[in-house]
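*Asks:* Right, I'll just put the structure down here and ask away after.
The values are calculated or read from the model by the stated rules, or taken from the named source; none is laboratory data. Quantities reported herein were computed from a predicted structural model and do not represent experimental measurements. Cβ placement follows ideal geometry from the backbone for every residue including glycine, while neighbour counts extend to all protein chains displayed. Just the protein is used for accessible areas: all its heavy atoms, side chains included, with ligands, DNA and RNA removed. Shrake-Rupley method; radii C 1.70, N 1.55, O 1.52, S 1.80 Å.
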Amino acid sequence: MEYLTTGKLAKASGVKLETVRFYERQGLLPKPARTSAGYRCFSPVAVQRIQFIKRAQVLGFTLTEIKELLALSSAAGVSCGTVRESANAKIKDIEDRIRSLQSMRRALGRLARTCSGEGPISKCPILESLAHPKEEP
């Protein structure tokens, strides 16, 4: 079996060298064997693991959640229903964040409409509202 150095693993996975080191420090990658010279020797399976991590991040999973998913993938007696529960929890989290962002957008829109864009900065109604709020946005 051919092993990969950290640099080769990074290149094969499409990530930076420091990302591989970070994932290793975070426990997302198993500790690799080392050569007699001290170089890390990763299994080719590590490429798939990093790609799994990157795809999960794109879907909004945090590194902590990804670590849990990786643990589930190798746990005995766990059904895919457990993974589905994690996915549904992430969907709820995303929906909550969307609602929060929409609320922020509405509040910022109300503030932006109070400003004509004319006059000195000392009289800017947006800055005034942020410095001395009369009501919650």
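*Asks:* Which one is farthest from the chain's Cα centre (by Cα), of the residues in the stretch 90-103 that are free of Cβ contacts under 8 Å to residues at least 12 places away in the same chain and surrounded by 11 or more Cβ atoms within 10 Å (Cβ to Cβ)? Working first, answer last.
*Replies:* Step one: filter the stretch 90-103 for residues free of Cβ contacts under 8 Å to residues at least 12 places away in the same chain, giving 91-92, 95-103.
With the extra rule that they be surrounded by 11 or more Cβ atoms within 10 Å (Cβ to Cβ), the set shrinks to 91, 97, 103.
On the way: Ile91: 14, Arg97: 14, Ser103: 22 Å.
By that ranking, first place goes to Ser103.
*Asks:* Please work out if Ser129 is modelled with pLDDT of 90 or more, more than 30 Å from Leu59 (Cα to Cα) and surrounded by 11 or more Cβ atoms within 10 Å (Cβ to Cβ). Write out each step before concluding.
*Replies:* Details: modelled with pLDDT of 90 or more: yes; more than 30 Å from Leu59 (Cα to Cα): yes; surrounded by 11 or more Cβ atoms within 10 Å (Cβ to Cβ): yes.
When the stated conditions are applied, Ser129 passes them.
*Asks:* Any idea which residue in the stretch 34-50 is farthest from Val20 (Cα to Cα), counting only those that are hydrophobic (A, V, I, L, M, F, W, C) and in a strand (DSSP E or B)? If you could, list the steps in order and put the result at the bottom.
*Replies:* From the stretch 34-50, those hydrophobic (A, V, I, L, M, F, W, C) are 37, 41-42, 45-47, 50; that's our starting set.
Now restrict to residues that are in a strand (DSSP E or B): 41-42.
Details: Cys41: 12, Phe42: 10 Å.
If we take residues in the stretch 34-50 being hydrophobic (A, V, I, L, M, F, W, C) and in a strand (DSSP E or B), then Cys41 is farthest from Val20 (Cα to Cα).
Yes/no matrix, rows are residues, columns are (1) closer than 30 Å to Lys11 by Cβ; (2) modelled with pLDDT of 95 or more:
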{"residue": "Val47", "(1), (2)": "yes, yes"}
{"residue": "Gln57", "(1), (2)": "yes, yes"}
{"residue": "Ser74", "(1), (2)": "yes, no"}
{"residue": "Arg97", "(1), (2)": "no, yes"}
{"residue": "Met104", "(1), (2)": "no, yes"}
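*Asks:* Here are the criteria: (1) polar (S, T, N, Q); (2) open to solvent by 80 Å² or more (accessible area, probe 1.4 Å); (3) under 30 Å from Ile98 (Cβ atoms). Tell me which single one Ser79 does not satisfy.
*Replies:* Here Ser79 meets the rest and fails (2).
*Asks:* Right, next: So, Glu18, is that one more than 30 Å from Asn88 (Cα to Cα), modelled with pLDDT under 95, exposed (fewer than 15 other Cβ atoms within 10 Å of the Cβ) and out of contact with any strand residue (DSSP E or B) (no Cβ under 8 Å at 6 or more places or on another chain) or not?
*Replies:* On the way: more than 30 Å from Asn88 (Cα to Cα): yes; modelled with pLDDT under 95: no; exposed (fewer than 15 other Cβ atoms within 10 Å of the Cβ): yes; out of contact with any strand residue (DSSP E or B) (no Cβ under 8 Å at 6 or more places or on another chain): yes.
For Glu18, the condition - more than 30 Å from Asn88 (Cα to Cα), modelled with pLDDT under 95, exposed (fewer than 15 other Cβ atoms within 10 Å of the Cβ) and out of contact with any strand residue (DSSP E or B) (no Cβ under 8 Å at 6 or more places or on another chain) - is not met.
*Asks:* Report whether or not Ser13 is closer than 24 Å to Glu65 by Cβ, of a type outside the set (A, V, I, L, M), surrounded by 14 or more Cβ atoms within 10 Å (Cβ to Cβ) and at pLDDT 95 or above. I'd like the intermediate steps shown before the answer.
*Replies:* On the way: closer than 24 Å to Glu65 by Cβ: yes; of a type outside the set (A, V, I, L, M): yes; surrounded by 14 or more Cβ atoms within 10 Å (Cβ to Cβ): yes; at pLDDT 95 or above: yes.
For Ser13, the condition - closer than 24 Å to Glu65 by Cβ, of a type outside the set (A, V, I, L, M), surrounded by 14 or more Cβ atoms within 10 Å (Cβ to Cβ) and at pLDDT 95 or above - is met.
*Asks:* Please count how many residues of the stretch 1-10 are assigned to a loop (DSSP other than H, G, I, E, B) and either at pLDDT 95 or above or surrounded by 15 or more Cβ atoms within 10 Å (Cβ to Cβ) (or both).
*Replies:* To start, the set of residues in the stretch 1-10 that are assigned to a loop (DSSP other than H, G, I, E, B) comprises 1-3, 5.
When the remaining residues are screened for being either at pLDDT 95 or above or surrounded by 15 or more Cβ atoms within 10 Å (Cβ to Cβ) (or both), the result is 3, 5.
Going through the stretch 1-10 one residue at a time, the tally reaches 2.
*Asks:* Could you please give the count of residues in the stretch 35-63 that are among the hydroxyl-bearing types (Ser, Thr, Tyr) and open to solvent by less than 90 Å² (accessible area, probe 1.4 Å)? Full working, then the answer.
*Replies:* Going residue by residue through the stretch 35-63, those that are among the hydroxyl-bearing types (Ser, Thr, Tyr) are 35-36, 39, 43, 62.
Restricting the remaining residues to those that are open to solvent by less than 90 Å² (accessible area, probe 1.4 Å) gives 35, 43, 62.
Result for the stretch 35-63: 3.
*Asks:* Moving on. Could you count how many residues in the stretch 63-108 are hydroxyl-bearing (Ser, Thr, Tyr) and out of contact with any helix residue (DSSP H, G or I) (no Cβ under 9 Å at 6 or more places or on another chain)? Show your work before the answer.
*Replies:* Residues of the stretch 63-108 hydroxyl-bearing (Ser, Thr, Tyr): 64, 73-74, 79, 82, 86, 100, 103.
Checking the rest, the ones that are also out of contact with any helix residue (DSSP H, G or I) (no Cβ under 9 Å at 6 or more places or on another chain) come to 64, 74, 79, 100, 103.
Result for the stretch 63-108: 5.
*Asks:* Could you figure out which of (1) within 25 Å of Ala87 (Cα to Cα); (2) surrounded by 14 or more Cβ atoms within 10 Å (Cβ to Cβ) isn't true of Pro32?
*Replies:* So Pro32 meets the others, but not (1).
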